[in-house]
Amino acid sequence: MQVAITNGHVVPGAGAPELPAADVLVEDGVIVAVGAGAATGSAGEVIDATGLVVVPGLVDTHHHVAQAPLRGTGADLTLPAYLDTVIGRYLPAYRPQDVRLATLLGALESLDAGITTVLDWAEPTKTPEHTDAVVAGLTAAGIRAVVGHTAPGDEDDVRRLAARTGLVTGAVASLGPEWGTWEQAVHDIELARELGVPVTIHAQGGGADPVVPRLHAAGLLGPDLLLVHLNAATDEDVQLLVAAGVGVAVSPCVEPLMGHGTAPYGRFTDAGGRVALAVDVVINAAPDLFEPMRDVLRAERVRTGRMVPAASLLAAATEHGAAALGMADRIGTIAPGKRADLLLVDGLSHVEPGTAAGAVVATAGPAQVRTVLVDGHVVKRDGRLVGHDLDAVRAEAAELAVRVRAA
Ligand SMILES: [Zn+2]
């Protein structure tokens, strides 16, 4: 099956120059050619991208997807209050069918905003039935997802998830040594390595018993680890994590709101590291990566007094996110051999070649996301999701939200 995206302003990523009037030719989900005239004579579906900017699909490296129905219910919740209510009471009230619906809503809102890959920190994976419901919701949406199993003690279920191939694959979401025991964290990391899947951990860094140097001393740091937040990271933490190639993700819209601190983005890039971006939760943040990109851009220009390039944040939301999830060989840029995860952004037909990536970061939002492809399949076309009625799913999920909050 061929799909041709024609005459777009293509932002390939990876430092490659922008192509102001180029085609992207896709065959069986894989990008096979990029450039002027690349799709001439192609046989399949044609998507006219005239006047549109074509960028790689956005990669959300940390998102509690099943919280979608609870959007906006925690604008003033501190972290302890969030843990008590959302994690302690609302999510445990989800039945498997609720998990499917909630996850579907979160995934559809992500796709609507141009997020084509998400790491789902899936709290509901407490029974195999709930795990199946997470996978079912993500699969029904058509998003590329890595499901972080949050009960690594249930080894059979983790193994079952880790064996998955295709668009929805598995990972281990470990409480880590700051929130759980050291022994469990070591077990989780070793289990993930045995299964060949990533392991992701919430971590603040620093602290009286600093975990990053301890993980380093135990030989546990590596590129298959993805640490999230790190708002209290020390200089030593930063150096150790960058040197070991550990994935680092920040959620700049959520962290200051819940009292974690400011996102440590620039501290890692100053040290030569790459940082990925995350939505994290929607109880107090919007379900898109445009706002995190802009939030970091503004903070970095204030912090450094320099004109940090806007386009560098698009790289954070695409190629660095792909690398953080161990998927840089498949997604994150627009190049032959990569899977065709793409979004077409409108409203910027007038920008000069070489400035479109920065223009997207500085000014775009979900409303400019016109068309989205995941693995070569169109999941949003001309501003509307394909095969799903987002309003209807939201209405159904609103009933779920009312019920679990009353429970
Ligand atoms: Zn989180």
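Since every read-out is calculated from the coordinates, none of them should be taken as a lab result. Keep in mind the model is a prediction, meaning the values are calculated, not measured. Don't worry about glycine lacking a Cβ; one is built from the backbone with ideal geometry, like all the others, and counts go over all protein chains shown.
Quick look at the numbers
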| read-out | value |
| --- | --- |
| Most positive-pole-ward Cα, T131, A310, I143, against dipole of the stretch 58-324 from beta carbon charges | A310 |
| Span from the the stretch 332-407 Cα centroid across to the the stretch 26-93 one, whole angstrom | 6 Å |
| Extension gain from R403 to R193, taking 0.36 nm per residue of separation minus the Cα-Cα distance | 71.7 nm |
| Hull-based mean projected area of the chain, where the convex hull spans the alpha carbons, in square nanometres | 18.2 nm² |
| Net charge dipole size for the stretch 202-335 [Lys, Arg +1 and Asp, Glu -1 on Cβ; Debye, nearest 20] | 300 debye |
| Cβ-placed point charges (K, R +1; D, E -1), dipole of the chain about Cα centre in debye, nearest 20 | 440 debye |
| 15 Å beta-carbon shell around H9, net charge (K/R +1, D/E -1) | -4 |
| Inter-part distance where the stretch 202-240 and the stretch 313-330 are each reduced to a Cα centre, Å | 20 Å |
| Segments 323-330, 311-318, 352-359 sorted - mean Cβ within 10 Å per residue, highest first | 311-318, 323-330, 352-359 |
| Which of P152, G222, A163, positive extreme of dipole for the stretch 107-233 (C-beta unit charges) | G222 |
| Mean residue ellipticity (222 nm) of the chain, computed from DSSP H runs ≥ 4 via -39,500 (n - 2.57), nearest 500 | -10000 deg cm²/dmol |
| Given charges at Cβ of Lys, Arg, Asp, Glu: the stretch 58-324 dipole, positive-most of L175, L111, T234 | L111 |
| Net charge over other residues, Cβ less than 10 angstrom from the Cβ of V374 (K, R count +1; D, E count -1) | +1 |
| Selected from P252, P336, P12 as most flexible by GNM, with the chain as the system and alpha-carbon contacts under 10 Å | P336 |
| Prolate/oblate/rounded label for the stretch 32-122 (Cα gyration tensor, a/c 1.5) | prolate |
| Top of T103, T117, T304 by mean-square fluctuation, Gaussian network on the chain, Cα under 10 Å | T304 |
| Fluctuation leader among T181, T73, T139 - the chain, Gaussian network, Cα springs under 10 angstrom | T181 |
| Separation in nanometres of the label points that stand 7 Å from Cα toward Cβ, at D235 and W179 | 3.0 nm |
| The stretch 129-182 - charge dipole about Cα centre, Lys and Arg +1 at Cβ, Asp and Glu -1, debye rounded to 20 | 300 debye |
